[in-house]
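Input: a single structure, listed below in structure tokens.
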Amino acid sequence: EKGGYDYFMLKEIAEQPKAVADTLLGRIDDSGSLTLDEVRISAAELREVDKVVIIACGTAFHAGLIAKYAIEHWTRIPCEVELASEFRYRDPILDPRTLVIAISQSGETMDTLMALRHAREQGSKVLAICNTNGSTIPRESDAVLYTHAGPEVAVASTKAFLTQLVACYLVALYLGQVRGTKWGDEIDAVIRDLSQISGEVERVLETMEPVRALARTLASKNTVLFLGRHVGYPVALEGALKLKELAYMHAEGFAAGELKHGPIALIEEDLPVVVVVPSPRGRSVLHDKIVSNIQEIRARGARTIVIAEEGDETVVPYADHLIRIPATPTLLQPLVATVPLQVFACELATARGNEVDQPRNLAKSVTVE
Ligand code: F6R
């Protein structure tokens, strides 16, 4: 049932191109418009929405953090993202014009369920993004957009995460479409790029052998840090989470701009630091800032592991290890940038003799608060 792979996690990493394609299937029509029939919240109601609040836990929360960039950029609707476990304890401001998006692979996460119940009690509409048909979270929501990742068995979430991102992009673009926000060339181009992205994920998977080899050399390290900016920041958080849960290593993700406000004090000789570099095209100011960050940490002894777009030569002099990913629009980069981090964590876990599919102390579905 592992289809020739040693672990379900490896199988599920390999299934990501298909999971992404399946989640897009039937949702983009020939003219490049979106039809999300399952989102049974009327266009009139969606036009009234004045705030989006995303609630989720763990990896799904990281998908939500990335969704915020897409939703605010493409729709200009303010968007908050909150850990479901924190949400209802702070008396959040919700009303019928708030669209709440609950993201959950299992559909059974108690923290997320309690948060969505709280939101509905305040009169907000809840849209679930979920991978499990008929589970509790979609049943209790006003609408659901299913991710089509197929069953995810490994405790560490991989293909579900990529499909959560796809679903979030679809919702963001759909909101833009029904609200008639500036529907410029950028949006049309993004829909085209999104419909081709599964091929890019496939290409990343074909180049993962050096990432595995690198991971094996780091098996005796205690700490790995991850840095990113913009959508690369949640990708850094996700890379760190994967390493914690699978390799049981101390791993932290930071916004690269925060380095000088504290974390740079952690940098010491030969400390592995993974840096997710934004595309040099598009928002190039972000790119140039992170290249300076890489120089700064390297000057202080860090071993830099740089994830950068193909053709980006500016990073070459400062990368001890360079992992290439295909060029994508800035907002879509997490779909390709996360994959090497999954492979990295999986291989480190194996090298450290850990049980990859069943990490200690963790459960696939967390049905207690
Ligand atoms: C991490 C992981 C967890 C889940 C979290 C939410 O690899 O699997 O952090 O993402 O427990 O679970 P769902 O998405 O089922 O609500």
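The values are calculated or read from the model by the stated rules, or taken from the named source; none is laboratory data. From a predicted model like this one, the values you see are computed outputs, not experimental measurements. A quick note on method: Cβ atoms are made from the backbone with ideal geometry, for glycine too, and the neighbour counts reach across all protein chains shown. All accessible areas refer to the heavy atoms of the entire protein, side chains included, with ligands and DNA or RNA removed. Shrake-Rupley method; radii C 1.70, N 1.55, O 1.52, S 1.80 Å.
Listing for the model above:
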item	result
Scan of the stretch 304-318 for residues that are of a type in the set (A, V, I, L, M, F, W, C), without any contact (Cβ under 8 Å) to a residue 60 or more places away in the chain and buried (at least 20 other Cβ atoms within 10 Å of the Cβ), ordered by number	Val306, Ile307, Ala308, Val315
Unique residue being away from the ligand (no atom under 16 Å from the Cβ), buried (at least 17 other Cβ atoms within 10 Å of the Cβ) and small (Gly, Ala, Ser) when the list is Ser157, Ser220, Ser198	Ser198
Residue check for Ile71: assigned to a loop (DSSP other than H, G, I, E, B), β-branched (Val, Ile, Thr) and more than 15 Å from the ligand (Cβ to nearest atom)	no
The stretch 328-350 residues that are under 17 Å from Met9 (Cα atoms) and charged (D, E, K, R), paired with ones that are open to solvent by 10 Å² or more (accessible area, probe 1.4 Å) and in a helix (DSSP H, G or I) (beta carbon under 7 Å, 6 or more apart)	Glu347/Arg212; Glu347/Arg216
Residue satisfying all of: in the stretch 223-272; of a type in the set (D, E, K, R) and within 14 Å of the ligand (Cβ to nearest atom); surrounded by the fewest Cβ atoms within 10 Å (Cβ to Cβ) among these	Lys244
Single condition Thr35 does not satisfy, out of (1) closer than 30 Å to Thr350 by Cβ; (2) of a type in the set (Val, Ile, Thr); (3) at pLDDT below 95	(1)
Flag for Gly176 being open to solvent by 20 Å² or more (accessible area, probe 1.4 Å) and either over 21 Å from Arg352 (Cα atoms) or in contact with a Leu (Cβ under 7 Å, 6 or more places away or on another chain) (or both)	no
Search result, residues across the stretch 287-303 that are in contact with a strand residue (DSSP E or B) (Cβ under 7 Å, 6 or more places away or on another chain), open to solvent by 20 Å² or more (accessible area, probe 1.4 Å) and outside any helix (DSSP H, G or I)	Arg303
Residue match in the stretch 19-28 (condition: within 16 Å of the ligand (Cβ to nearest atom) and among the polar types (S, T, N, Q))	yes
Unique match (being in contact with a helix residue (DSSP H, G or I) (Cβ under 6 Å, 6 or more places away or on another chain) and either of a type outside the set (Val, Ile, Thr) or open to solvent by 20 Å² or more (accessible area, probe 1.4 Å) (or both)) among Ser104, Ser135	Ser104
Boolean, Leu83 is more than 9 Å from the ligand (Cβ to nearest atom) and open to solvent by less than 20 Å² (accessible area, probe 1.4 Å)	no
